[in-house]
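The next block holds one structure in the form of structure tokens; read it before the comments.
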Amino acid sequence: MVPPQGYYMAQPNQVCQLKRPLYGLEQASRQRNIEFTAFLKTLGFVQSSHDHCLFIQHTDIVFFILLVYVDDVILTGNSIDAINKCKMALHSKFTIKDLGPMKYFLGLEVTRSSHVTIISQTKFICDVLKDAGMLQCKPASSPFPKGYI
């Protein structure tokens, strides 16, 4: 790598030290994932052997789940204090942005009330129908023709 155009303070054989990975580097996201996973393990999380994006922390008092998808993280658990401590720890190591309670994630729409949490894919399905030009189609009770099954 060479110093950018207009930067004349570099001496011959000097290199630039990057404080953040450059986009487009093939190993940048993999390295970020390795570093993130290692940090979560230092916080006491155990990585699921069935789904490597799922991290669980379980004690006698606290049950805490963290799910990672690329650079999005979902935190849930039975202790608001544990969630806030985890967010502070993550923010001290990585730059994170708290988007508040989850409303949409990977096509899932989450609606909460005091008694129930509803997860649906209504918005995702409407977007798929819109992209396919089928918003005006009639609903069917089954995707198969009558008598097929």
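The values are calculated or read from the model by the stated rules, or taken from the named source; none is laboratory data. All of these numbers come straight from a predicted model, not from anything done at the bench. Here Cβ is always computed from backbone atoms with ideal geometry, including for glycine, and neighbour counts include all displayed protein chains. SASA here: full protein model, heavy atoms, side chains in, ligands and nucleic acids out. Shrake-Rupley method; radii C 1.70, N 1.55, O 1.52, S 1.80 Å.
Residues that are β-branched (Val, Ile, Thr) and modelled with pLDDT under 90 were ranked within segment 33-66; the one that is most open to solvent (accessible area, probe 1.4 Å) is Ile61. In segment 125-139, the qualifying residues are those that are more than 23 Å from Leu108 (Cβ to Cβ) and either touching a residue at least 12 places away in the same chain (Cβ under 8 Å) or of a type outside the set (Lys, Arg) (or both), and the one that is most open to solvent (accessible area, probe 1.4 Å) is Gln136. Restricting segment 76-106 to residues that are part of a strand (DSSP E or B) and open to solvent by less than 40 Å² (accessible area, probe 1.4 Å) leaves a set whose member that is nearest to Ile56 (Cα to Cα) is Gly77.
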